[in-house]
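FYI, it's all coordinate maths here, none of it is from the lab. Model, not experiment: these values are computed from the prediction. Cβ coordinates were reconstructed from backbone atoms using ideal geometry, including for glycine residues, and neighbour counts include every protein chain displayed.
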Amino acid sequence: PGAFSLSLAGFIEEPERKYCFECATEEQCQEWVEALKRASYEFLRRSLIFYRNEIQKMTGKDPLEQYGISEEARFQLG
């Protein structure tokens with residue numbers, strides 16, 4: 001209790017690297033794990049897609065159009 005590890009499996013440069021973290025309480029551990037999940041690429045990607053869709057529903061416009069981002073470069077909605 002009060003500890004967790006993070007493995008960087010999938011990174012070509014360091015396929016076996018593992019980091020160990022120790023916290024004062026189990027609650028702190030859970031807070032750290034949740035913060036790391038919220039900082040992940042996939043979580044941020046899903047959030048972007050969700051908010052993009054919400055803005056489109058409210059305004060009828062794609063919020064990325066104003067920045068000249070091409071259709072091919074945009075995140076897919078599926």
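Please give the per residue volume of the convex hull enclosing the alpha carbon atoms of the range 1-62, rounded to a whole number of Å³. The partial results should precede the final answer.
On the way: hull volume 5.8 nm³, N = 62.
Cα convex hull per residue, to the nearest whole number: 93 Å³.
At a Förster distance of 25 Å, what's the computed FRET efficiency of residue 16 paired with residue 46, Cβ-Cβ distance as r, to 0.05?
Working from the Cβ atoms, E equals 0.30.
Name the residues whose placed amide hydrogens come within less than 5 Å of the amide hydrogen of residue 64, ignoring near sequence neighbours (fewer than 5 apart) on the same chain.
Long-range HN contacts for residue 64: none found.
Tell me which lysines have Cα within less than 17 Å of residue 37's Cα, excluding those fewer than 8 residues away on the same chain?
List returned: 18.
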